[in-house]
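Novice: Below: one structure in structure tokens.
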Amino acid sequence: MTASTTSEPLSPAIDARGVHVRLGNSDILRGIDLTVRRGEVVALLGANGSGKSTLVRALVGIVPLAAGSVRLLGTDLGPDVPWARLGYVPQRISAQGGVPSTAEEVVASGLLSGRRLRLPRGWRERTHAALDRVGLADRARQAVQELSGGQQQRVLIARALVRRPELLILDEPVAGVDHPSQEAFAATLTTLTREGLTVLVVLHELGSLSPLIERCVVLRHGLVVHDGAPPSPAGGHADAGHEHVHPHEAEVSLAARGGDMGLTDTGMLP
Amino acid sequence: MNAFDEILGMLGDPLMQRALIAAILVGVTAPVMGVYLVQRRLSLLGDGIGHVALTGVALGWLVGSAMGLAPTDALAIPGAVVAAVIGAIVIEIVRERGRTSGDVALALLFYGGIAGGVLIIGLAGGSSGNLVQYLFGSISTVSSADLWLTLVLGAIILAVGVGLRTALFAVSNDEEFARASGLPVRVLNIAVAVVAALTVTVAMRVVGLLLVSALMIVPVAVAQLVTTSFRRTMSVAMVIGVSVCVVGLSITYWHYLSPGATIVVLAIAVYAVVALLRPVIGRRRPRPAHDPHPDIPDDVHVEGGTTCNA
């Protein structure tokens, strides 16, 4: 379960060494080492602004590295990475396009990767299978713009799953997502990890995914401050009167839910 | 019978035949690239490229008159193609580098393009009057050589715009995801910009540089009123593009009107009619049966202990 000794015939799924990222004048990441072995399920935790989103964006090549190296599935980050075996789920659709597009079209675009610029044979069946996996088989022909936030998030997960990836990298997949969607997502992920999927997931709180998580990496101010078993929640975070501020909508919850495990910048670790 | 004879007469006119072929080509190709520009929220890119193309027209003219070519504007269209492609690549690079200065760069190209064109045409011994046919179109003067160039460029536009549809959709819809998929994002972005530039120069003869963008954008705007998919939006926009081009051009066969302006006004009229009729004909589209409110849990305990989470 923990990051200890299993003999590894294969190279790690993710092997990041000394990752530095600068955006403008600020050092967002200041030397991150992160290894995720094949088959592991690792959560990346930290307060808002600790750099966890930037880290996964750097790992998949969206944000350029100022220093350090990243190897994905045994290949240096670049055009030679077997991109078809890797799935990435962003926080949200970064910018909604101006033209309507169906869930089917968005998910099918996930079948393109690396040098594959055209849809493979049988794309429609694979697309529908992926939508079925996230419980949206009946919404294939509906415009993504008409779906709810939780459903849109599930479409993005299907877009990553349609490749049948070996490694899945997710950036806050359940933030601001309704409870049924969260539970459906946890169930899907459970099935996939049993099939051997490697997962790196950025989370604000472990929540419904906590049974799956084998290892937690905690970032603070652009550095790794914890790598191991899931840490306990910050003091007071689970109290009834605690004001829980979500990263995006900054919604204030009036009553913390059971099992809610949030992390704040102060006092999470002694 | 009389109307039938009139139409036969129009189709028998070689000038009109060439014009109609050019109009069909432009009507099909312009919306194809327009879809990607609307998807990226770069609807005005076509305009920016069009203004730069004007400098290219003038440069072609200058080179042509320096070389003593027979019609001094023989190199105007090649000049426009070169300038538009360079302009499009510059805009793309600026867009990629600095996110905030994108619209300022576009503005610089707009004004630089027009001013450069007027300045250079003067140096070439012409007047800004010579540019009017490029600004507002001159479909009635399409030669067979022009037509061949239009045909070749049109084929390139369709090959890229339709052939690489899924890849261009992926990069236009979510550029970061495309990057995280290892797709050649920069190559695809430049392909969109270059092919949009070719589209501008193709459409220049029909509607003129000032109205090019209308033909790329308005059919797409109409199509997205009635469709839910990207693919359908593209095909409906192509049908609308061809229809307004052919009908608009035909009107000017009988009435002395500017073809370019007639086509654009027609396209906007179609938009207005569809937008007004949509609530009536929109019933065809099944209303989603679910609650339109987003499914965000409110975390509030309401009397009776139920959570309002439709």
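Novice: Between region B:105-149 and region A:61-91, what's the alpha-carbon centroid distance in Å?
Specialist: Comparing the Cα centres of region B:105-149 and region A:61-91, I get a distance of 46 Å.
Novice: A further question on this structure: Helix hunt in chain B: which complete DSSP H runs extend at least 30 Å axially by C-alpha with mean Kyte-Doolittle at least -1.0?
Specialist: B:14-39, B:45-67, B:76-97, B:102-123, B:185-207, B:230-254, B:259-281
Novice: Could you rank the peptides B:72-80, B:149-157 by their average count of other C-beta atoms within 10 Å per residue, with the highest value first?
Specialist: For the peptides B:72-80, B:149-157, the packing ranking is B:72-80, B:149-157.
Novice: Still on this structure, I have one more. Name the long-range amide H neighbours of A:VAL225: under 5 Å, sequence gap of 5 or more, or other chain; modelled H, no Pro or chain starts.
Specialist: Here A:VAL218, A:LEU219, A:ARG220 satisfy the definition.
Novice: Mind listing the Cα extents of region B:1-71 along all three principal axes, in Å, largest one first?
Specialist: 47, 44, 13
Novice: Something else now. Under a plain spin-label model, where a point goes 7 Å from the Cα along Cα-to-Cβ, how far apart in nm are B:ILE156 and B:LEU257?
Specialist: 3.3
Novice: Here's something else I'd like to know. When Cβ neighbours within 10 Å are restricted to other protein chains, what is their mean count per residue of peptide A:103-116?
Specialist: 5
Novice: Let me ask something additional. Output ³J(HN,Hα) for region A:19-36: one whole-Hz value per residue in order, computed from phi by the Karplus curve 6.51 cos²θ - 1.76 cosθ + 1.60 with θ = phi - 60°, and x for Gly and Pro.
Specialist: Result, rounded to whole Hz: 6, 10, 10, 10, 10, x, 9, 10, 7, 7, 10, 10, x, 9, 10, 8, 10, 10.
Novice: Could you work out, residue by residue across B:120-133, how many beta carbons of other chains sit within 10 Å of that residue's beta carbon, and then give the average as an integer?
Specialist: 0
Novice: Then there's this: Search the structure for amide H atoms under 5 Å from the amide H of B:GLY208, placed 1.01 Å from N in the peptide plane, and list their residues when 5 or more places away or on another chain.
Specialist: For B:GLY208, whose amide H was placed from the backbone, the distant partners under 5 Å are B:GLY137, B:SER138.
Novice: Looking at the calculated P(r) for region B:2-284, what percent of the C-alpha pair distances fall above 35 Å?
Specialist: Here the tail beyond 35 Å accounts for 17 percent of pairs.
Novice: Ok, one more. Taking a point 7 angstrom from the Cα of B:SER128 along the C-beta vector, which residues in region B:52-79 have backbone N less than 15 Å away?
Specialist: B:54-55, B:58
Novice: Which of B:PHE4, B:SER43, B:GLY260 sits closest to the plus end of the dipole of region B:2-284, meaning its Cα is farthest towards the positive end, when Lys and Arg get +1 and Asp and Glu get -1 on the C-beta?
Specialist: Farthest towards the positive pole: B:SER43.
Novice: Something else about it: Taking a label point 7 Å from the Cα of A:THR75 along the Cα→Cβ vector, which residues of region A:134-177 have an amide N closer than 20 Å to it?
Specialist: A:160-170
Novice: 5 Å is the cut-off here: which amide hydrogens, built 1.01 Å from N in the peptide plane, fall below it relative to A:LEU29, excluding neighbours closer than 5 in sequence?
Specialist: Counting only residues 5 or more places away or on other chains, the set is A:VAL21.
Novice: A further question on this structure: What chymotrypsin sites (Phe, Trp or Tyr not before Pro) does region B:1-106 have in DSSP loop regions with at most 12 other beta carbons within 10 Å?
Specialist: none
Bear in mind these aren't lab numbers, they're just calculated from the coordinates by the rules spelled out. Keep in mind it's a predicted model, so treat the numbers as computed, not measured. Positions of Cβ are backbone-derived with ideal geometry, glycine not excepted, and every protein chain shown enters the neighbour counts.
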